[in-house]
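The values are calculated or read from the model by the stated rules, or taken from the named source; none is laboratory data. Given the structure is predicted, the values throughout are model-derived calculations rather than measurements. Glycine also receives a Cβ, built like all others from the backbone with ideal geometry; neighbour counts cover every protein chain displayed. Calculation scope for accessible area: heavy atoms of the full protein, side chains included, ligands and nucleic acids excluded. Shrake-Rupley method; radii C 1.70, N 1.55, O 1.52, S 1.80 Å.
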Amino acid sequence: MKFFLDTASLEEIAEAASWGALAGVTTNPTLYARIGGKLADFEDHIKKICQLVKGPVSAEVTASDTEGMVAQGRDLAKLANNVVVKVPMTLEGLAATRSLADEGIEVNMTLVFTVPQAILAARAGARYVSPFVGRFDDISEDGLDHLASIVAALNNYDMRDEGPNGQQVEVIAASIRNPNHVTQAALIGADIATVPFDILKKCAKHPLTTNGLAAFEADWEKVKQQ
Ligand code: E4P
């Protein structure tokens with residue numbers, strides 16, 4: 001499984017990239033608003049993210065009609081070679097996905113919750129589908145169960161490899177709330193987990209690692225005194 005960072009913060013992206021395991025970034029309007037992003041700076045901001053990360057950087061359209069999404073998608077795709085256009089899972093979004101995919105522009109279909117939505121996204125030519133895990137948990141459903149169903153269903157039709165009709169889609173486990181979501185997404189076989197900065201940091205930590213290191217340091221002090 002690959003790690004993407006789910007943020008619009010340049011500082012977080014730069015720091016996470018320095019850890020050596022970052023394969024991409026996902027942003028959305030909420031994440032951009034959270035860092036105080038201004039409309040006029042949006043395109044430059046996406047360009048800066050694309051310079052920090054070699055892998056795919058998802059930038060989301062904000063239009064709700066197909067024509068508007070396609071136009072925004074084309075503009076976003078021109079910002080950098082690694083831009084992936086994020087399109088919401090609506091009927092208009094599916095049509096936009098097909099148009100953008102036919103033009104060779106990669107799409108990450110977002111706000112995916114169910115198996116039919118994921119299959120429709122893949123059939124419409126999305127390069128990535130993003131099932132949201134945590135938002136199911138927020139409404140007392142098991143988001144990981146839904147993620148597992150989506151992965152299994154896409155596997156049934158070889159849609160996660162180059163399929164008979166040339167379809168290829170990667171599953172991004174999104175709306176990740178804790179390290180266990182990451183563990184389970186990997187066991188389920190999601191291709192990617194897009195993880196908020198603080199959760200990615202938590203993923204690198206364990207109390208036994210911390211305690212073990214403290215013991216090694218204390219014992220090394222003893223060695224230095226001997
Ligand atoms: C995915 O690409 C989304 O940006 C994100 O994972 C949404 O997560 P949230 O439910 O924490 O807002």
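Here are the numbers for the structure shown:
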{"read-out": "Residue tally, condition within 12 Å of the ligand (Cβ to nearest atom) and either open to solvent by less than 30 Å² (accessible area, probe 1.4 Å) or on the phi > 0 side of the Ramachandran plot (or both), over region 198-213", "value": "1"}
{"read-out": "Within region 8-27, tally of residues that are more than 14 Å from the ligand (Cβ to nearest atom), open to solvent by 30 Å² or more (accessible area, probe 1.4 Å), in a helix (DSSP H, G or I) and touching a residue at least 12 places away in the same chain (Cβ under 8 Å)", "value": "4"}
{"read-out": "Count of residues meeting criterion [part of a helix (DSSP H, G or I), within 16 Å of the ligand (Cβ to nearest atom) and over 25 Å from Val171 (Cβ atoms)] in region 35-82", "value": "2"}
{"read-out": "Scope region 126-147; condition open to solvent by 40 Å² or more (accessible area, probe 1.4 Å), over 24 Å from Val83 (Cβ atoms) and out of contact with any Phe, Trp or Tyr (no Cβ under 6 Å at 6 or more places or on another chain); matching residues", "value": "Arg135, Asp137, Asp138, Ile139, Ser140, Glu141, Asp142, Asp145"}
{"read-out": "Condition broken by Thr30, with the remaining ones in (1) without any contact (Cβ under 8 Å) to a residue 12 or more places away in the chain; (2) closer than 18 Å to Arg98 by Cα satisfied", "value": "(2)"}
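Condition check ((1) of a type in the set (A, V, I, L, M); (2) more than 20 Å from Ala152 (Cα to Cα); (3) modelled with pLDDT of 95 or more; (4) touching a Cys at 6+ places or on another chain (Cβ under 7 Å)) across all residues:
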{"position": "Lys86", "(1), (2), (3), (4)": "no, yes, yes, no"}
{"position": "Leu94", "(1), (2), (3), (4)": "yes, yes, yes, no"}
{"position": "Ser99", "(1), (2), (3), (4)": "no, yes, yes, no"}
{"position": "Ile105", "(1), (2), (3), (4)": "yes, yes, yes, no"}
{"position": "Met109", "(1), (2), (3), (4)": "yes, no, yes, no"}
